[in-house]
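Below: one structure, written as structure tokens.
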Amino acid sequence: MIAHREPSLREVDPALFDLIQHEDQRQRDSLRLIASENYASLAVLAATGSSLTNKYAEGYPGRRYYEGMDYIDPVEELAIARARQLFSAEHANVQPYSGSPANLAALLALCQPGDTIMGLSLPAGGHLTHGWKVSATGIYYNAVQYGVRRSDHRIDMDELRELALKHRPRLIWCGHSAYPRELDFPAFAAIAREVGAYLAADIAHIAGLIAGGAHPSPVPHADVVTTTTHKTLRGPRGGLILCKESHAKAIDKAVFPGLQGGPHNHSTAAKAVAFHEALQPSFRDYAHAIVANARALAAALIERDHVLVTGGTDNHIVLLDLTRLGIGGRRAAHALNLCGIELNANTIPFDPRKPFDPSGLRIGLAAITSRGLQPEHMPAVARLLDDALQVAARVGDGEPDSAVTSPLRGRVRELLSPFPAPGL
Ligand SMILES: *Cc1c(COP(=O)(O)O)cnc(C)c1O
């Protein structure tokens, strides 16, 4: 038989190819403000789509259960060395499949089932995996949740200390998915030390800001630091754990064989690429540009009489309180999406509405900063948000008409057209 060229994805599976093409176009054309999302570079995408996905590699470099590690070991060693350098960490485990498994591995390494753990509650901006009831971390551990102050919606360190003294947790989580302010890691560490708890910092959202020097690092203060690699860090979907050398053995054992089987080598390779990109001087500019854009957007929204949780931001997140506009978060997010603006409804602290239809919108600046938008463009972004919110308020429970949404979509495309989407 004559050897034929192997058919492409387009040829093998036109239906799926078509869906991916459409998603590419959607990501080019929409104003992507989901705070946990970004655009990975072409280099990161290339590593993700490589032959490394074919290889099994249970174990760690030099200690594997399979043959053929000639290139997989150096790939993982490179990822580890770069992660350690990027975050000045004593030890790095680059195998967690994502942020949630990384957090479970940290708990498996440092706690016994039934131990008391503490974390920021979900409605206050924390993550499910910090002990929320429906999460495995809230089912297998005795989770106590701390919150934010009623007066200024900042994390209440006094309440945290009192709860820690009362409940004597084995481990305290700090970190968030929807909190627009800087975290005081030395203060968390002091409380953990006082009550004899481990401090685990989950930097899933802010890892890129930390890597680029635009947010303080928890690495010198925390026993363990966990993160995703695909949010502000701009890598592939994945997780990463950093820790003190004294916890290295326990962490590695918890990830494999405790929780996972073979590592996803193609993701490990793509993480290595992302760490390499984040080690370049230009990434420092990127991280600072994210915060500058977030501050500029916050100022422009306040100028348009919008109410922001905590009154502003120190990071990549702006939390908009819709209460004064009289619309629910879900309707607002849905209407904005029809206008080409992609974000998510989010609870605000002490939210009077239900979590499924909360009172806030979470706005993240990492993705549009990756496209190159600058603070000078933020008044235009604020105007688009404002106009789209007016549309949402006008239609109430109805669906906005395309005669109203189309011009807004056009304005979004016009704003974005000078800024090509990386990777696409
Ligand atoms: C996104 C996030 C995670 C979970 O990451 P997945 O990769 O979705 O599992 C964990 N912690 C925090 C704080 C997050 O924001």
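The values are calculated or read from the model by the stated rules, or taken from the named source; none is laboratory data. Predicted model only: the values in this text are computed from it and were never measured. For neighbour counting, all protein chains shown are included, and Cβ atoms are generated from backbone atoms with ideal geometry for every residue, glycine included.
A few notes on this one:
- Breaking point among (1) within 30 Å of D156 (Cα to Cα); (2) at pLDDT 95 or above; (3) touching a Ser or Thr at 6+ places or on another chain (Cβ under 7 Å), for N344: (3)
- Of G312, G326, all but one fail to be within 21 Å of I368 (Cα to Cα), in contact (Cβ under 8 Å) with a residue 40 or more places away in the chain and surrounded by fewer than 20 Cβ atoms within 10 Å (Cβ to Cβ); the exception is G312.
- Matching residues in segment 84-108 - criterion: being away from the ligand (no atom under 16 Å from the Cβ) and either touching a Pro at 6+ places or on another chain (Cβ under 6 Å) or among the small types (G, A, S) (or both): S88, A89, A92
- Contact map, segment 226-242: residues that are outside the structural domain of L259 (by TED's automatic domain parsing) paired with residues that are within 7 Å of the ligand (Cβ to nearest atom) and assigned to a loop (DSSP other than H, G, I, E, B), Cβ distance under 6 Å, separation 6+ or inter-chain. No pairs are found.
- Breaking point among (1) more than 15 Å from the ligand (Cβ to nearest atom); (2) within 19 Å of A81 (Cβ to Cβ); (3) not aromatic (F, W, Y), for L240: (1)
- Single match in L259, L279 (criterion: within 16 Å of the ligand (Cβ to nearest atom) and more than 16 Å from the chain's Cα centre (by Cα)): L259
- Residue that is farthest from the ligand (Cβ to nearest atom) [pool: residues in segment 176-193 that are hydrophobic (A, V, I, L, M, F, W, C), out of contact with any Pro (no Cβ under 7 Å at 6 or more places or on another chain) and without any contact (Cβ under 8 Å) to a residue 60 or more places away in the chain]: A190
- Here L259 fulfils each of the conditions (1) within 20 Å of S88 (Cα to Cα); (2) buried (at least 18 other Cβ atoms within 10 Å of the Cβ) apart from (1).
- Odd one out for A35, checked against (1) out of contact with any Phe, Trp or Tyr (no Cβ under 8 Å at 6 or more places or on another chain); (2) assigned by TED's automatic domain parsing to the domain that holds Y146: (2)
Every residue, every condition in (1) part of a helix (DSSP H, G or I); (2) buried (at least 23 other Cβ atoms within 10 Å of the Cβ), yes or no:
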| residue | (1), (2) |
| --- | --- |
| V134 | no, no |
| G138 | yes, no |
| V144 | no, no |
| E162 | yes, no |
| L165 | yes, no |
| C174 | no, yes |
| R181 | no, no |
| F188 | yes, yes |
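- Residue count for segment 282-310, restricted to those that are assigned to a helix (DSSP H, G or I) and more than 22 Å from the chain's Cα centre (by Cα): 5
- When G147, G196 are screened for being at pLDDT 95 or above, within 16 Å of the ligand (Cβ to nearest atom) and over 15 Å from P216 (Cβ atoms), only G147 passes.
- Residues located in segment 405-423, provided they are out of contact with any strand residue (DSSP E or B) (no Cβ under 6 Å at 6 or more places or on another chain) and within 15 Å of R383 (Cα to Cα): T405, P407, L408, R409, G410, R411, R413, E414, L415, L416
- Filtering segment 109-132 to residues that are within 12 Å of the ligand (Cβ to nearest atom) and assigned to a helix (DSSP H, G or I) leaves L122, L128, T129, H130.
- Selected residue (criterion: surrounded by the most Cβ atoms within 10 Å (Cβ to Cβ)) from residues of segment 65-105 that are of a type in the set (D, E, K, R) and either part of a loop (DSSP other than H, G, I, E, B) or at pLDDT below 95 (or both): E90
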